[in-house]
1. So, in the range 74-90, exactly how many residues are within 19 Å of SER122 (Cβ to Cβ) and modelled with pLDDT of 75 or more?
2. Among the numbered criteria (1) of a type outside the set (Asp, Glu); (2) open to solvent by 70 Å² or more (accessible area, probe 1.4 Å); (3) in a loop (DSSP other than H, G, I, E, B), which one does ILE56 miss?
3. Are any of the residues in the range 75-87 open to solvent by less than 50 Å² (accessible area, probe 1.4 Å) and either basic (Lys, Arg) or farther than 16 Å from VAL4 by Cα (or both)?
4. Considering every residue within the range 38-53, establish whether at least one is touching an Asp or Glu at 6+ places or on another chain (Cβ under 9 Å), of a type in the set (Gly, Ala, Ser) and free of Cβ contacts under 8 Å to residues at least 60 places away in the same chain.
5. Would you check if there is a residue in the range 59-68 being open to solvent by less than 70 Å² (accessible area, probe 1.4 Å), more than 17 Å from TYR120 (Cβ to Cβ), part of a loop (DSSP other than H, G, I, E, B) and in contact with a Leu (Cβ under 8 Å, 6 or more places away or on another chain)?
6. Listed residues SER50, SER39, SER71; which is open to solvent by less than 40 Å² (accessible area, probe 1.4 Å), closer than 25 Å to ALA26 by Cα, outside any helix (DSSP H, G or I) and of a type outside the set (Phe, Trp, Tyr)?
7. Which of the residues that make up the range 118-150 are modelled with pLDDT under 80 and of a type in the set (Asp, Glu)?
8. Please go through (1) loosely packed, with under 10 Cβ neighbours inside 10 Å; (2) not in a loop (DSSP other than H, G, I, E, B) for ASP114 and return the number of the only condition it doesn't satisfy.
Amino acid sequence: MVKVKLNSFRIQNYRSIVDSGWRSLAHDNITVLIGQNESGKTTVLEALHSFYTGEIIEDQLRSDQTLPIVSCSFVINARSEFLDFIDKRKLPEPLLKKLKGKKKFTLSRKWHEDKSSKVYVSGEEIFDFYTKENQEIKTREVATLEEIDS
């Protein structure tokens, strides 16, 4: 059985929260939100709920018109890996090799003005792969332009 555990979260531009920074959950599966009344405890839970459902209402948006981003970092149990959760046919082979055996991943849900949202997967391996790909494309473009000019 594949088991994924929420490890940490970050909430940006959601109700009264401008940026929570990354907040880790307890390793013993007991996490407590403590704070005075109106300090944002319910907002944290609502933001995590919105992350999972993709739904957001006008009341959850900030008055300064910035759009929410909720990110969650997950850890996968010992018998599984990140590649067990995705359609491998949609990724280039070199990226699949970099992701093999990965046990931690981060998903970020970003909302748009029409209250729709998209989920993005992130991680150093993915960022590094696409940065290298973009650099190679630019190098080929420069070489092609130089060839055309000569």
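1. 3
2. All conditions pass for ILE56, except number (2).
3. No, the range 75-87 contains no residue that is open to solvent by less than 50 Å² (accessible area, probe 1.4 Å) and either basic (Lys, Arg) or farther than 16 Å from VAL4 by Cα (or both).
4. The first filter runs over the range 38-53 and keeps only residues touching an Asp or Glu at 6+ places or on another chain (Cβ under 9 Å), leaving 49.
Still in the running and of a type in the set (Gly, Ala, Ser): none.
No: zero hits.
5. Initially, the range 59-68 is screened for residues open to solvent by less than 70 Å² (accessible area, probe 1.4 Å), giving 60-62, 66-68.
Subsequent filtering for residues that are more than 17 Å from TYR120 (Cβ to Cβ) retains 60-62, 66.
So of that shortlist, the ones also part of a loop (DSSP other than H, G, I, E, B) come out as 61-62, 66.
Narrowing the set further to residues that are in contact with a Leu (Cβ under 8 Å, 6 or more places away or on another chain) leaves 61.
Yes: the range 59-68 contains one or more residues that are open to solvent by less than 70 Å² (accessible area, probe 1.4 Å), more than 17 Å from TYR120 (Cβ to Cβ), part of a loop (DSSP other than H, G, I, E, B) and in contact with a Leu (Cβ under 8 Å, 6 or more places away or on another chain).
6. Values: SER50 fails: outside any helix (DSSP H, G or I); SER39 fails: open to solvent by less than 40 Å² (accessible area, probe 1.4 Å).
Every option except SER71 fails the conditions.
7. Once the filter is applied, which keeps residues that are modelled with pLDDT under 80 and of a type in the set (Asp, Glu), the range 118-150 yields GLU124, GLU125, ASP128.
8. ASP114 satisfies all of (1) loosely packed, with under 10 Cβ neighbours inside 10 Å; (2) not in a loop (DSSP other than H, G, I, E, B) except (2).
The values are calculated or read from the model by the stated rules, or taken from the named source; none is laboratory data. Quick caveat: nothing in here was measured; it's all calculated off a predicted structure. In this analysis, Cβ positions are derived from the backbone assuming ideal geometry, glycine residues included, and neighbour counts consider all displayed protein chains. Ligands, DNA and RNA are stripped out before the accessible areas are found, and what is left, the full protein with its side chains, is counted by its heavy atoms. Shrake-Rupley method; radii C 1.70, N 1.55, O 1.52, S 1.80 Å.
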